[in-house]
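The numbers here are math on the coordinates, done by the rules we state, and not lab data. These figures come from a predicted structure and were not determined experimentally. Reconstructed Cβ throughout: ideal geometry from the backbone, glycine too, with neighbour counts over all protein chains shown.
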Amino acid sequence: MNAISLQEINKMASETPEHFIIDAEAAYDKQIRTLADDICRHALERPITLISGPSGSGKTTTACRLEQILDAAGFETHTLSMDDYYADGSRNAQIVDQFGKPDYESPLRLDIDLLNTQLEQLARGEEVELPRFDFANQKQCKSGKMLRRRPHELIIMEGIHALNPEVTGTSHAIANRVYLSVRTRITNGDELLHPSLIRFARRLIRDNRTRGRNPEETLEMLSSISRGENLYIMPYKHLADYELDTFLSYELSVYRPLLLETVRQLAGEAPQEKGVGDLLRFMEGTVALDDAWVPEQSLVREFIGGSIFTS
């Protein structure tokens, strides 16, 4: 587990903000390029790359940036989202958590048969019609988009259950398996900010901006999301061939002006074990950065907006 002190963050944010962001982006880009090099070396025997990670880990941006690099290397790449393989909501009515509420993290919500069938067909070079999931109506639809993987082309599949062999089946034998998450802890004296709270900060911004959820709703979902990670994601991360740390050392500085008042309000009502008070203390002690410095291809843009990859 990596660590960086709040004092280091504040020094760089105050003295060299542009270089602070450039250096952090370069470090993350290096991880992706190293992964891309290995995927290219094994393209014939492993044409599929499975990317898994918990909510808020930056799977979408990582997949899109990886696709860019592989395309430039001469391996045309197609990125698919596991979200499009959800089954109709009518099939999922009985999938609930321990409180009797819908268990949105369960892999049983996926159309596993269709997912496995299409991954195997794509690996063999057969043509498939990709699905599209209508979240508003909780219905799986045909997209009208046909895809055939030709020789020297690659497939990326990203989703929280991508490493679960019960979901992706025999495709593990022909796939590169990637696990990504925030792996760096911020320190302040004897205090540590758990990496999951960086992901929570990311979700607070994104949920309010794109998913119509207020901060209280995002906080309320935290227990369910954490339970789902422990049950459905963490048990399979040891299967990964590669692990990427999606933490960017400047991101808490960018989130401060966007989130400080929200986190302050939540900390007053959240149970101590959720860690919102910890996030508040670190955020209050962080030097703010203007998000105008953040490049449009940055993983941070997946959450704050302005990304070339996501809405």
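Each pair of Cα atoms in the range 1-99 enters the Kirkwood radius, and Stokes-Einstein at 37 °C and 0.692 mPa s then converts it into a translational diffusion coefficient of 192 µm²/s. Using the average count of surrounding beta-carbon atoms within 10 Å as a protection proxy, the listed peptides 134-145, 194-205 rank, highest first, as 194-205, 134-145. Between the residues 255, 159, 3, the greatest Cα displacement towards the positive end of the dipole of the chain, with unit charges on the Cβ of Lys, Arg, Asp and Glu, is found for 159. At the listed q of 0.09, 0.12, 0.14, 0.17 Å⁻¹, the Debye profile of the range 180-311, built from one uniform point per Cα, gives log10 I(q)/I(0) equal to -0.26, -0.48, -0.66, -1.00.
Of the three principal axes defined by the Cα atoms of the range 234-311, the extents in descending order read 41, 36, 22 Å. Amide H contacts of residue 244 (H built 1.01 Å from N, in plane; Pro and chain starts excluded): 179, 180, 181 sit under 5 Å, all sequence-distant by 5 or more or on other chains. Per residue, the average separation of C-alpha pairs within less than 8 Å and at least 6 apart gives the chain a relative contact order of 27 percent. Close amide H pairs (under 5 Å, H built 1.01 Å from N) link residue 80 with 156, 157, 158, residues at least 5 positions away or on another chain. DSSP beta bridges fully contained in the chain are about 35 percent antiparallel. Using a Gaussian network model of the chain in which every pair of alpha carbons under 10 angstrom is joined by a spring, one finds that among 245, 88, 38 the greatest mean-square fluctuation is at 38. Each eigenvalue of the Cα gyration tensor of the range 7-64, multiplied by 5 and square-rooted, gives one semi-axis; in descending order these are 31, 14, 7 Å. Across the range 286-298, coupling constants 3J(HN,Hα) worked out from phi with the 6.51/-1.76/1.60 Karplus curve, θ = phi - 60°, read 9, 6, 6, 10, 6, 6, 5, 6, 7, x, 6, 8, 5 Hz, and Gly and Pro carry x. Converting phi to 3J(HN,Hα) with the Karplus coefficients 6.51, -1.76 and 1.60 and the offset θ = phi - 60°, the range 136-150 yields 4, 9, 6, 9, 7, 10, 7, 7, x, 9, 9, 9, 10, 7, 8 Hz in sequence order, with x at every glycine or proline. Temperature 20 °C, viscosity 1.002 mPa s: under these conditions the Stokes-Einstein estimate for the range 57-176, based on its Kirkwood radius over C-alpha pairs, is 140 µm² per second. Pairwise inverse Cα distances across the range 213-261, averaged and inverted, put the Kirkwood hydrodynamic radius at 13.7 Å. Dipole of the range 1-80 (Lys/Arg Cβ +1, Asp/Glu Cβ -1, origin at the Cα centre): which of 36, 61, 51 lies farthest to the positive side? Checking the options against the dipole of the range 1-80, the answer is 51. When you restrict to C-alpha pairs under 8 Å that are six or more residues apart and normalise by the size of the range 53-140, the relative contact order lands at 28 percent. Running a GNM on the chain with Cα contacts under 10 Å, which residue among 266, 252, 289 ends up with the highest mean-square fluctuation? Answer for the Gaussian network model of the chain: 266. Each principal axis of the Cα atoms in the chain has its own extent, and those three values, largest first, are 55, 47, 32 angstrom. Here the Karplus curve 6.51 cos²θ - 1.76 cosθ + 1.60, taken at θ = phi - 60°, turns the phi angles of the range 301-309 into couplings of 5, 4, 9, 8, x, x, 7, 6, 9 Hz, with x standing for Gly and Pro.
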